[in-house]
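Heads up: the structure comes next, in structure tokens.
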Amino acid sequence: MTTTRRSGMLETAQHHEEAPLRRLAVVLIAGSALVTGCSSGTNTGDDLQVADTVTAATPADSPAPSATPAGAVLPLKQNATAIAVDPAQHTAAVAVDNPPALLLYDLTSIDAPSKTVALPGRVDNLSTAGDTVLAPVRTANTLLRVTLPTGAVDKITLTGGPVAANTTGNQTLVALHDTKSVAVLNGDTTTHTITGLSSADQVLPVGDQAVVLDRLRTAVFDLKPTAGTLGAGLRAGDGATNAVTDNYGRVLVTDSRGGELLVFKPDTLVELQRYPVPGTPYGIAYDPDRHLAWVTLTATNQVVAYDVAGGEPVEKHRLTTVRQPNSVAVDPTTGRVYVASADGGGIQVIQP
């Protein structure tokens, strides 16, 4: 049975003064539904369900480029499906399709991939953990741990269709698409699985807890990995697609369907900010040294940087990208931004 309570709290990032509110730039959530995560995903009194029949939001079908992309573009005939950067290992990892592979680029000399690691299927999400890239392969029920920069591969079998993974302490949290759940691993062993989602698409550690992004319900949920429980959930716009965490323990979410950047405070699960971002925002990366959230706009072939340290986002950069900029990563040591084209347009390297 789904229980519901109403939140009328006004919250802002506590580390800076709140900036003046703009029209449509809302820095509160008054009266938004906050519910426990026990729904099956059908619209049977679930306040997080937006309609009887739901589909996850997707990036826009980008138009042909009308301007030269900023920075330099590394040619790539394949479509890039995900990108991650490990500054400590001076490596960028790019997942490509047809055939599926992981391309490793040396950031000190990024003119061509230094290594190619064959993948057993398509990878749509990459994350880094120490000197390792986590590459979940849904169709192969496999989580790959790829050591950087050598490219050595450790393979873990995970039934349920793994699509995203992250680490917190000695635990690895894996979003399982097919079973709509999150697996909690200690080493290579699954200790328990957390259910109650309509769709498990991303899982992001925040301190000793975590937040799960559910694209079907376009919602975020608190998660307690050690306890193995799913907490309260909160609507995240009209079509949440991707998320990252920032320096302040918040979760930043792109709402592709609603055209907004959303900021949440986990644990108490309050929406702190919602800011209009026209152009179908999709990919997102965070630069912790400069407090910049880099958001790709798939309807306009652009990437925009927002300073998110204050009470509302402040635009700092707006740059032209390659076509279909679905993925973005940033190297915080240099501030350099990497945009990957999902339409064969290559890997774009930008020094803002």
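At R0 = 51 Å, how high is the FRET efficiency between His192 and Asn247 if r is their beta carbon distance? Nearest 0.05 is fine. Please list the in-between numbers first.
Working: r = 30 Å, r/R0 = 0.59.
Efficiency at R0 = 51 Å is approximately 0.95.
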Work out from phi, with θ = phi - 60° and the Karplus expression 6.51 cos²θ - 1.76 cosθ + 1.60, the ³J(HN,Hα) of each residue of the stretch 271-278, listed in order in whole Hz, and give x for Gly and Pro.
7, 8, 9, 9, 10, x, 9, x
Lys and Arg at +1, Asp and Glu at -1: neighbours of Pro352 with Cβ under 11 Å from its Cβ sum to +3
If you take the alpha carbon radius of gyration of the stretch 46-167 and divide it by 2.2 N^0.38 Å, what ratio comes out, to two decimals?
1.21
Whole-Hz couplings from phi, Karplus 6.51/-1.76/1.60, listed for the stretch 246-256; x for Gly and Pro
10, 5, 9, x, 9, 10, 9, 10, 8, 9, 5
Note down the net charge around Thr139, summing +1 for each Lys or Arg and -1 for each Asp or Glu among other residues with Cβ under 13 Å from its Cβ.
-1
Residues whose modelled amide H sits under 5 Å from the amide H of Thr191, counting only those 5 or more places away in sequence or on another chain, are Val184, Leu185, Asn186
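Can you give the convex hull volume per residue for the Cα atoms of the stretch 226-332, as a whole number of Å³?
In the stretch 226-332, the Cα hull volume divided by residue count equals 109 Å³.
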Going by amide H atoms built from the backbone, whose H comes under 5 Å of the H on Leu272, apart from near neighbours?
Val263, Phe264, Lys265
Report Rg(Cα)/(2.2 N^0.38 Å) for the stretch 131-279, keeping two decimals.
1.02
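Using the Cβ atoms and a cut-off under 11 Å, what net charge is assigned to the surroundings of Ala129, where Lys and Arg are +1 and Asp and Glu are -1? Working shown, then result.
Numbers: positive: Arg145; negative: Asp86, Asp131.
The answer is -1.
In Å², what does the accessible area per residue of the stretch 289-352 work out to with a 1.4 Å probe? Don't skip to the end; give the middle numbers.
Numbers: 1810 Å² over 64 residues.
The answer is 28 Å² per residue.
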Theoretical FRET efficiency, 1/(1+(r/R0)^6), r = Cβ-Cβ of Ala67 and Asp131, R0 25 Å, to 0.05:
0.10
Proximal lysines relative to Lys115, as straight alpha-carbon distance under 20 Å, when same-chain residues fewer than 8 apart are discounted:
Lys77, Lys155
Computed over the stretch 146-192, Cα set: Rg, Dmax in Å
11.2, 33
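Per residue, what volume in Å³ does the Cα convex hull of the stretch 208-266 take up?
So the per-residue hull volume is 68 Å³.
Over 17 Å, how big is the tail of the calculated P(r) for the stretch 269-331, in percent of all Cα pairs?
That tail contains 37 percent of the Cα-Cα pairs.
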For the stretch 158-229 and the stretch 242-284, what is the separation of their Cα centres, given in Å?
19
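The values are calculated or read from the model by the stated rules, or taken from the named source; none is laboratory data. Keep in mind it's a predicted model, so treat the numbers as computed, not measured. When we count neighbours, we look across all protein chains shown, and the Cβ atoms used for this are built from the backbone with ideal geometry, even at glycine. Areas reflect the complete protein model, heavy atoms only, side chains present, ligands, DNA and RNA absent. Shrake-Rupley method; radii C 1.70, N 1.55, O 1.52, S 1.80 Å.
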